[in-house]
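Q: Quick one: structure below, then a few questions.
Any read-out appearing in this document is the output of simple, stated calculations on the displayed coordinates, not a laboratory observation. Being a predicted model, the structure only gives us computed values, none of them experimental. Cβ sites come from the backbone with ideal geometry, for glycine too, and all protein chains shown count toward neighbours.
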Amino acid sequence: MTGVNTGTDTNWFSARIIDWQRRYGRHGMPWQDTRDAYRVWLSEIMLQQTQVATALVYYPRFLARFPTLADLAAAPLEDVLALWSGMGYYSRARHLHACARAVMARFDGHFPTTAAQLQALSGIGRSTAAAIAVFCHGERAAILDGNVRRVLTRVFGIADDLSNAANERALWLRAEALLPRRDLERAMPAYTQGLMDLGATVCTRRNPTCAVCPLAGRCLAARNGHPECYPVKTRRAERRALAVWLLHATDEHERVWLTPRPARGIWARLYCLPEYGTRAELLAALAAPTRAHAVFRAPIAHALTHRDLSLHVVSVRLTSNNRLDGDSEGRWHAPSAWPALGLPAPIRRFLQAQAP
C-alpha cells in the first residue's frame, strides 16, 4: 500500500467531508444530536448490517420498551430477542444484552468514555467503539466500517487486497492520518457522520453518484472510471446451501408448537418450529395416522450471511394433549401469544400467512 501521508495535505479530505456533511448530510435522525452513550450505542449496533429505514422503525420501539440501560440489563434475553425479531443478525441482540449487563455490573451503569475502553465490551468492535467515543466525547478516533472502506479505497486508489491483514492495518493507519486535527469536539462528529453518510448515499457500492461527490476532483477511482472495483477483497467466506426440515404442528385451538433453539448456531435462542435433519427424520417422529395427513409446503428460500437456506415446512394437526416426542422445551403457543416471541423472520412470515 502506498505510504501513509501524515502531512498537512490530508487536511483537504476532512475539510471537504465536514463541509459536505453540514450542508448535504443526513440530519434529524432520532439518534443524532445526543451525547447519551446508551442511545448512541444502541443506534450504532442497530445500524450494523441494517438499513437506516429499518433502524428508524426499531429504534423508537426499542427505547419505548427499554428507555434506559438499566431497563435493558434487567430484562430477560427472550424479551430483547422478541423486540429484535425481524431485524436479523441476532448475535447483535445477544451481545447488546450482555454488554448492558456488563456496564451495569462493572461501570455502575455508565459507559466508558474512551474508544479503547469501549472496545473491551461485548459486541463493540474497534470501529463501533470509535463512533461512540466520537459522538459522545469528540475523541479523535477513526472508524472503518464498510462505507468508509469504500470511500477511502476509491479516493486514494488503494487496490491492495483487504483480505490481507497487513493491508487492513495499513488502511486503518490511513484512516487515522486523515482525521481532523483542530476543534475536535465539533469537527469529529461532523467528519465521522459525513464519512458514513457519503458512503451510504453517494459513494455507494453500485452506481455511485460521482457527479455530486465532494471528493470527485481528487478521487483516483473516479478518474480511472472504475469505482465499483474498490475495495478489493479476494478472500470471501464460501456460501453453502442448507436444507432445513421444520414441523408446523397446530392443535384444535389453533395453537402452534414452538421450541427455543440452541444457544449456538443459526437463530440461536429464538423460538422456532421444531427442526429435523432430514425428511425421513421428521416423518419418523410422527404417528402413522398423523403422517398420512401431513401437508408438505413449498420450500421457502432464505439467505443468511454465508448460507442459502431452503426451509421445508411440513404441517400436521395434533390434539392439544399431544407433545412432540423428544422436545422437552417446546410447548403450545396461542395465536395471541406467539407474535410476541422472538422468531426468525421467515418463520414469522410463514405463521402470519397461516393465521386464520
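Q: Report the percentage of all Cα-Cα pairs in the range 276-356 whose separation exceeds 21 Å, rounded to a whole percent.
A: Result: 39 percent of Cα pairs exceed 21 Å.
Q: Lys and Arg at +1, Asp and Glu at -1: add these up for the other residues within a Cβ distance under 14 Å of D197 and post the number.
A: Local charge sum for D197: +3.
Q: In terms of modelled amide H atoms, which long-range or inter-chain residues lie less than 5 Å from the amide H of R307?
A: R240
Q: Roughly what angle does helix 11-24 make with the longest principal axis of the chain, taking Cα atoms, 0 to 90 degrees, to the nearest 10?
A: Once rounded, the angle reads 60 degrees.
Q: Then there's this: I'd like the orientation of helix 91-107 relative to the chain: the angle between its Cα long axis and the longest Cα principal axis, in ° from 0 to 90, rounded to 10.
A: The two axes meet at around 70 degrees.
Q: If you keep only loop residues by DSSP, which trypsin sites (Lys or Arg not before Pro) in the range 160-211 have at most 14 other Cβ atoms within 10 Å of their Cβ?
A: Filter output for the range 160-211: R181, R182, R205, R206.
Q: Could you state the angle between the C-alpha long axis of helix 146-155 and the longest principal axis of the C-alpha atoms of the chain, as a value from 0 to 90 degrees rounded to the nearest 10?
A: Between the helix axis and the principal axis of the chain, the angle is about 30 degrees.
Q: Find the centroid of the Cα atoms in the range 159-189 and in the range 213-288, then give the distance between the two in whole Å.
A: Distance between centres, Cα-based: 32 Å.
Q: One quarter of the convex hull surface, Cα atoms only: what value does that give for the range 1-150 in nm²?
A: Its Cα hull, projected and averaged over all orientations, spans 10.0 nm².
Q: Let me ask something else. For the range 292-304, what does the Karplus curve 6.51 cos²θ - 1.76 cosθ + 1.60, with θ = phi - 60°, yield as ³J(HN,Hα) per residue in whole Hz, taken in order and with x for Gly and Pro?
A: Whole-Hz 3J(HN,Hα) from phi for the range 292-304: 5, 10, 5, 10, 8, 7, 5, x, 9, 8, 8, 9, 9.
Q: For a footprinting-style exposure proxy, rank L270, L47 by other Cβ within 10 Å, fewest first.
A: L47, L270
Q: Hey, fewest Cβ within 10 Å first, where do I266, I158 land in order?
A: Ascending number of Cβ neighbours within 10 Å: I266, I158.
Q: Among DSSP beta bridges whose residues both lie in the chain, state the antiparallel percentage, nearest 5.
A: Looking only at bridges with both residues in the chain, the antiparallel portion is about 55 percent.
Q: Residue by residue, what Karplus-based ³J(HN,Hα) values in Hz, rounded to whole numbers, does the range 112-124 have, using 6.51, -1.76 and 1.60 with θ = phi - 60° and x for Gly and Pro?
A: Using θ = phi - 60°, the values come out as x, 9, 10, 4, 4, 6, 4, 5, 7, 8, 4, x, 10 Hz.
Q: Which value does Rg/Rh take for the chain over its C-alpha atoms, Rh per Kirkwood?
A: 1.05
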